[in-house]
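The structure under discussion appears below in the form of structure tokens.
The values are calculated or read from the model by the stated rules, or taken from the named source; none is laboratory data. Model, not experiment: these values are computed from the prediction. Every residue, glycine as well, gets a Cβ built from its backbone with ideal geometry; the counts of neighbours run over all protein chains shown. Ligands, DNA and RNA are stripped out before the accessible areas are found, and what is left, the full protein with its side chains, is counted by its heavy atoms. Shrake-Rupley method; radii C 1.70, N 1.55, O 1.52, S 1.80 Å.
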Amino acid sequence: MPLTPNRRSALIYPSAAIVALAPAATSCSTNKNNVQQKPMNIVYIMTDDHTAQMMSCYDTRYADTPNLDRISRDGVRFTNGFVANSLSGPSRACLFTGKHSHKNGFTDNTTCVFDGSQPTFPKYLQKAGYETALFGKWHLESLPTGFDRWEIVPGQGDYYNPDFILQNGDTVVEHGYLTNLITDKSLDWLENEHDPEKPFFLAIHHKAIHRNWMADTCHLGLYEDRTFPVPDNFFDDYEGREAASTAEMRVDDHMDLIYDLKMNRPDKHSRLKERYESYYNRMDSAQKAAWDAHYDPIIKDFYNSGLTGKELAEWKFQRYIKDYLKVVKSLDENVGRVLDYLEQHDMLDNTLVVYTSDQGFYMGEHGWFDKRFMYEESFRTPLIMLPPASLKRRGDIPEMVQNIDFAPTFMELAGIDEIPADIQGRSLVPLLKDETPDDWRKTLYYHFYEYPAEHAVKRHYGVRDGRYKLIHFYNDINSWELFDLQNDPREMDNIYGKPGTEAITAEMMRKLKEAQEQYDDPIRFKYPVDSIQ
Ligand code: SGN
Ligand code: CA
């Protein structure tokens, strides 16, 4: 990699954050204050499957995430951040286009290839003079477009000694732990490659904390003495929620003892044993030795214990949370490295740092792992930002925001005056300036498509307002669910069709119809009851 910055363009912006331009030789009456602000840099850190319950700035029950907390403490914490389709590829397509899945074409991970010729915010940023770079998970099947520099992992990527696809089309294997490597590459780009004369957008996209939660060897020992609280609906019976009852994502029944929980032994077999061994075999001998030294005693105890029933389910839950949190630890440390770099290089004055995930995740709520459902844990996504002083809002931002809002936000920050009308998200800049518009959205729209598929979550769409949520599961099912989030925040009691809910049902139906019209979704519902209109 070049050691000196590669200056690809003539100077566009003054190199300091705010610079008084030297007086021109001739009078310059049109430029009254002679001050030009360099557009803001954006560092966008997105993790995979990181849920707010597992960040101490949102939830203190599990483990400390001091670096994430630093962003939240010194910056803003969105308390109502959501996605439009709770799955990796679709979420990324929503992010880059600012449009719902039916508009950007990437509805699910299994059948779609992202059409990289469509407009995306990185392309608009490039036109506005930004340098754009992306390192890590991409997951959109076609290769990235709109980035001056990228290096991605194929598909889901590997935690240990992963492959990277380079811009020239070659694939290389890098030695190390993926979360560290993605950060190394990002910081190396900032240090050695990026053009300091240009504002930049840098996407740091981690695989962590995606299944199967393989921690770095240096963190394997963490949290082993802890017993974490089991969610009170871990033994949910899904009464009144047909689609929930047929989903295959229960910690108890659907986690693989070997692949997910690492209980591998030569005499033991499971559906995903081979996959686990292919990941394990990526490790070098020192990594394997550290791995075995940690897991062998746990494996021995487990097979000797003969656990069954409820005890076995709770044992699986504890192992799941521990592995997940160990992977979070690397992530938090690597976010700290990025913050330190920006601070040490005086870049925080003119850089917006964003930390979010491609969606939320179940940590045993409803008995589950995974995501997909429009229920709160996976419909939500954590979102914290460290804005420079020019964006003055601090503390909690309670407005409902969605991942389709990133594209117009970044475009506005890049000085793009006119956001194209077909972008469906809304810029968050007014919220960050503490100038919340009176007409901020009061309803969120969601649509999930990946069925039939792994985890068997039925297709569904729905709307959520500040209090109620209406969901329609369709395709090989026709099932409606209505929740009062105020009285039933865990969404255990489907009140759809219950006496006394007629008025609120009609109101939420109206909101759903309005949202489907507003976003121009071709898959629309038919009123199930003629009288409700
Ligand atoms: C993989 C996982 C699933 C997960 C999907 C989508 N299975 O297929 O558990 O739901 O990814 O996740 S695994 O056996 O390969 O681990 S997403 O976040 O990328 O959308
Ligand atoms: Ca994900």
Tell me, which residue of segment 347-372 that is within 15 Å of the chain's Cα centre (by Cα) and of a type in the set (A, V, I, L, M, F, W, C) is nearest to ligand 2 (Cβ to nearest atom)? 361
Unmet requirement for residue 316, which otherwise passes all of (1) assigned by TED's automatic domain parsing to the domain that holds residue 48; (2) assigned to a helix (DSSP H, G or I): (1)
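Yes/no per residue for (1) on the phi < 0 side of the Ramachandran plot; (2) touching a residue at least 24 places away in the same chain (Cβ under 8 Å):
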site	(1), (2)
41	yes, yes
46	yes, yes
60	yes, no
84	yes, yes
102	yes, yes
125	yes, yes
141	no, yes
Counting only residues that are aromatic (Phe, Trp, Tyr) and assigned to a loop (DSSP other than H, G, I, E, B), which one in segment 40-67 is farthest from the chain's Cα centre (by Cα)? 62
Condition first: in contact with a Pro (Cβ under 7 Å, 6 or more places away or on another chain) and surrounded by 13 or more Cβ atoms within 10 Å (Cβ to Cβ). Now tell me which residues in segment 428-441 satisfy that. 430, 432, 436
Please enumerate the residues belonging to segment 373-393 that are within 13 Å of ligand 2 (Cβ to nearest atom) and either among the polar types (S, T, N, Q) or on the phi > 0 side of the Ramachandran plot (or both). 378, 381
Does segment 149-157 include one or more residues that are more than 16 Å from ligand 2 (Cβ to nearest atom), farther than 26 Å from residue 81 by Cα and aliphatic (A, V, I, L, M)? no
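One residue is enough: does segment 490-507 have a residue meeting the conditions of a type in the set (Phe, Trp, Tyr) and in a loop (DSSP other than H, G, I, E, B)?
Within segment 490-507, one or more residues are of a type in the set (Phe, Trp, Tyr) and in a loop (DSSP other than H, G, I, E, B).
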Going by what's in this entry, would residue 115 be described as free of Cβ contacts under 8 Å to residues at least 60 places away in the same chain and over 23 Å from residue 443 (Cα atoms)? yes
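Each row is one residue, and each column tells you yes or no for (1) of a type in the set (Lys, Arg); (2) away from ligand 1 (no atom under 16 Å from the Cβ); (3) touching a Ser or Thr at 6+ places or on another chain (Cβ under 8 Å).
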{"site": "312", "(1), (2), (3)": "no, yes, no"}
{"site": "323", "(1), (2), (3)": "no, no, no"}
{"site": "332", "(1), (2), (3)": "no, yes, yes"}
{"site": "340", "(1), (2), (3)": "no, yes, no"}
{"site": "344", "(1), (2), (3)": "no, yes, no"}
{"site": "366", "(1), (2), (3)": "no, no, no"}
Failed item, numbered, when residue 204 is tested on (1) assigned to a loop (DSSP other than H, G, I, E, B); (2) within 16 Å of ligand 2 (Cβ to nearest atom): (1)
Given (1) surrounded by fewer than 19 Cβ atoms within 10 Å (Cβ to Cβ); (2) hydroxyl-bearing (Ser, Thr, Tyr); (3) in contact (Cβ under 8 Å) with a residue 24 or more places away in the chain, index of the condition residue 501 fails: (3)
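For the structure I just gave you, tell me whether residue 244 is open to solvent by less than 10 Å² (accessible area, probe 1.4 Å) and farther than 22 Å from residue 313 by Cβ.
Working: open to solvent by less than 10 Å² (accessible area, probe 1.4 Å): yes; farther than 22 Å from residue 313 by Cβ: no.
So residue 244 does not fit the description; no.
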Would you mind telling me which numbered condition in (1) open to solvent by less than 10 Å² (accessible area, probe 1.4 Å); (2) out of contact with any strand residue (DSSP E or B) (no Cβ under 8 Å at 6 or more places or on another chain); (3) within 14 Å of ligand 2 (Cβ to nearest atom) residue 108 fails? (1)
